[in-house]
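J.: Got a structure for you, questions after.
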Amino acid sequence: MTATAQAETHAFQAETARLLDMMIHSLYTNKEIFLRELISNASDALDKVRFEALTNQDLLGDDTELQIRLETDPEARTLTVSDNGIGMTREEVIQNIGTIAKSGTRELLEKLKDSGASDQPADLIGQFGVGFYSAFMVADQVTLITRHAEEDSATQWQSSGDGQYTLQELDSAADQPGRGTRVTLHLKEADAEEGQPDYSQPALLAQIVKSHSDFVAYPIVQEQTREEIERDDQGQPVEDGETKSITEDVTLNSMQPIWIRPQADVTEEEYAEFYHHISHDWQPPAKTISLKAEGRIEFSTLLFIPSQAPPNLHYANQDFGLHLYVKRVLIMENYDELLPRYLRFMKGIVDSSDLPLNISRQRLQEDRHIKQIRQWISRRVLDTLGTMQEEKPEVYATFWGQFGGVLKEGLADHTAKSALLPLLMFSSSADPDKLTSLVDYVGRMAEGQEEIYFITGDSRALVENAPQLEKFKAKQYEVLYLTDPVDEFMAQYLDKFDDKPIKSAVKGTVELGDEEERKQAEETLKKQSEQHAKLLESLQKSLDDHVKEVRLTSRLTDSPSCLVGSEFDLSPQLERMLRDSGAEMPTQKRILELNPNHPLLEKLQQLQDSDGLADHAFMLYSNAVLAEGGDLPDPARFNRLLAELMLK
Ligand code: ADP
Ligand code: MG
């Protein structure tokens, strides 16, 4: 190659250098996956150029046969993977190859930092993967030459993985490298015992391609030479005849889309490879769903539930969607119209035979097929999750831990709500270590219980000890603990399940027990309230700035007081969240409830006409605020009163 400019030396970022060092010394046993990484990058680059060419017809020029080539030179110990894809500009090489921008990789680096330099956590590579850099597991030097489809000059990148790389501009007029990218690995010494097979062996490469990259949509071509002995007209070998060497291009992969093949013929590993190819996630999927819709609309779909949430799952403008194929041709990647937002963690493809090949994004959006496909897929995914929940509760629990928060968002969609409700998992008072579904909750409901109860709060510890739940505990009524921030929003959509109202345990009034018990409790409470009417009024007056009502309750068994909301009030946590997010809203006053059977009530009764009542009222209120993890209205006054009380 003739270089027009001097090679420039660049240092890798510290993290990249560290990563490369890890790659070079990796003990990871599954080194052959470097090849599928390079092929996968080539395939992505071919997808891009094909896509661009749809609107820019000159882009491909004469070079229209999109393919990936593998070349080996056992003498020089090199392996080259090349493609005539989109290629990279110099800037792109620096961006994509010289730095580590991917969040997954950053996470890997965090883990590395934690693990210290001495131990080599070999399986970390298997967990996160580092695409292109995996070449350094098998090579001691990597050279990449690339020319972007719309540029004249090519860029050469070279590194031995030792902390730096060189960049050099190549003069294409002199050299004419074609469009695309060539990655040449200078292979490490082969040593079968050390787990370093000889990757310059064409047969080995053919085998690796077959097992990891068979479905790739472009031909992966290898030049193969075979010996042919001379034969006569009958096809019999000629005695002392000549042996000819014949060299020809052989395509190593079947290119058959994996979703077209009968499901029984596809192994789990093959599905996992395909999942990896489209998702760039190194973990195998938790579940593969392969379906064919036949009837009014016809399409095939291959869907994957990942086993781990990506770090960016909760970013607002995170790309999501499925790859859309029309008659096996990729039309659009990550097409978000194919999935509702609450299933945005799903990966996969849809292949439709009802859409025209040259459909524009605009027209696609208006196409009723897409909407039908989305509905169909949503239903199938929720069905699958339901089956998983029933048949493999541990697998479902893991899924829920990763993606439950996203699924909850779907409750706002009224078409999905009824299918989603049984899928929800809650922590509850029934078992501190296990989550429960609404179905199981209903199965455990106490005698006479007609409603489902929940409490929202910042943590399990807080809600577990909430005084508001004392009566629930005494009567052994299970309460769902909603302690995830998104639960506050979800709670707004929890109204009914299995014909049973779902209610907050800390809003409105509660009467527990069967009809008889409830009637009795109500009457007793009414009597007690009349008895203490004057006291309640005085308390109300002195707490007027803080609460909208002071009343007696049958909800408490041990504590003297607690705070509750009216039926349609926002919870204090939701109120705080909304205010933190900048919403302007008046402070919502709450209701102070007192335990009529607590000795403190007698004490208050005695203090009724004295000056001490206001202080006691204030302490009572402050205590109730503290019990639910709220902010004290007047900490200085609280402290002073507490000190006085302790001295008494
Ligand atoms: P990923 O493929 O997950 O993005 P990689 O480490 O495998 O991560 O590749 C990093 C980036 O380098 C790719 O996203 C792509 O932009 C660029 N790249 C790698 N190989 C090629 C190639 N053969 N052609 C064009 N770009 C490439
Ligand atoms: Mg890659």
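J.: Treating only the Cβ of Lys, Arg, Asp and Glu as charged (+1, +1, -1, -1), what charge dipole size does the chain show about its Cα centre? Round to the nearest 20 debye.
T.: 2900 debye
J.: What figure in square angstrom, to the nearest 10, would you give for the accessible area of Tyr335 with a 1.4 Å probe?
T.: 0 Å²
J.: Taking Lys327 as the anchor, which aspartates and glutamates have their alpha carbon closer than 14 Å to its alpha carbon, excluding any fewer than eight residues away along the same chain?
T.: Glu298, Asp351, Asp354
J.: Structure shown: which of Lys473/Lys519; Lys48/Lys287; Lys287/Lys417; Lys408/Lys548; Lys48/Lys292 lie over 25 Å apart, alpha-carbon to alpha-carbon?
T.: In this structure, Lys48/Lys287; Lys408/Lys548; Lys48/Lys292 lie more than 25 Å apart at Cα.
J.: Could I ask something else about it? Please list, in chain and number order, the residues 5+ apart from Val479 or on another chain whose amide H is under 5 Å from its amide H, with Hs placed from the backbone.
T.: For Val479, the qualifying residues are Ser429, Ala430.
J.: Turning to a different aspect of this structure: The range 253-346: which GluC sites (Glu not before Pro) are DSSP loop and have at most 15 other beta-carbon atoms within 10 angstrom?
T.: Glu294, Glu298
J.: Now for a different question. In terms of solvent-accessible area of protein heavy atoms at a 1.4 angstrom probe, what is the ranking of Thr166, Thr243, highest value first?
T.: Sorted descending by solvent-accessible area, the residues read Thr243, Thr166.
J.: Another question, if that's okay. Tell me which aspartates and glutamates have Cα within less than 14 Å of Lys541's Cα, excluding those fewer than 8 residues away on the same chain?
T.: Straight-line reach from Lys541, under 14 Å: Glu549, Asp609, Asp611, Asp615.
J.: Determine the dipole magnitude for the range 520-648: charges of +1 sit on the beta-carbon of Lys and Arg, -1 on that of Asp and Glu, nothing else is charged, the reference point is the Cα centre, and the result goes in debye to the nearest 20.
T.: 180 debye
J.: For the range 432-468 and the range 189-232, what is the centre-to-centre distance using only Cα atoms, to the nearest Å?
T.: 60 Å
J.: Let a ≥ b ≥ c be the square roots of the eigenvalues of the Cα gyration tensor of the range 307-436; is it rounded (a/c under 1.5), or, if not, prolate (a/b larger than b/c) or oblate?
T.: Taking the square roots of the gyration eigenvalues as a ≥ b ≥ c, the range 307-436 is prolate.
J.: Summing -39500 (n - 2.57) over the DSSP H runs of n ≥ 4 in the chain and dividing by its residue number, what mean residue ellipticity at 222 nm do you reach, to the nearest 500 deg cm²/dmol?
T.: Helices in the chain give a 222 nm mean residue ellipticity of -10500 deg cm²/dmol.
J.: Tell me the relative contact order for the chain as a rounded percent, counting alpha carbon contacts under 8 Å between residues six or more apart.
T.: Dividing the mean separation by the residue count of the chain yields 8 percent.
J.: I would also like to ask the following. For Glu298, list long-range residues whose amide hydrogen, built 1.01 Å from N in the peptide plane, is under 5 Å from its own amide hydrogen.
T.: Ser353, Asp354
J.: Grab the other residues whose beta carbon is less than 15 angstrom from that of Glu450, score K and R as +1, D and E as -1, and report the net.
T.: -4
J.: Pick out, from Gly87, Gly195, Ser561, the residue whose Cα sits farthest towards the positive end of the charge dipole of the chain, with +1 on the Cβ of Lys and Arg and -1 on the Cβ of Asp and Glu.
T.: Result: Ser561, furthest along the dipole toward the positive end.
The values are calculated or read from the model by the stated rules, or taken from the named source; none is laboratory data. Quick caveat: nothing in here was measured; it's all calculated off a predicted structure. Please note: Cβ atoms are built from the backbone with ideal geometry, for glycine as well, and neighbour counts cover all protein chains shown. SASA here: full protein model, heavy atoms, side chains in, ligands and nucleic acids out. Shrake-Rupley method; radii C 1.70, N 1.55, O 1.52, S 1.80 Å.
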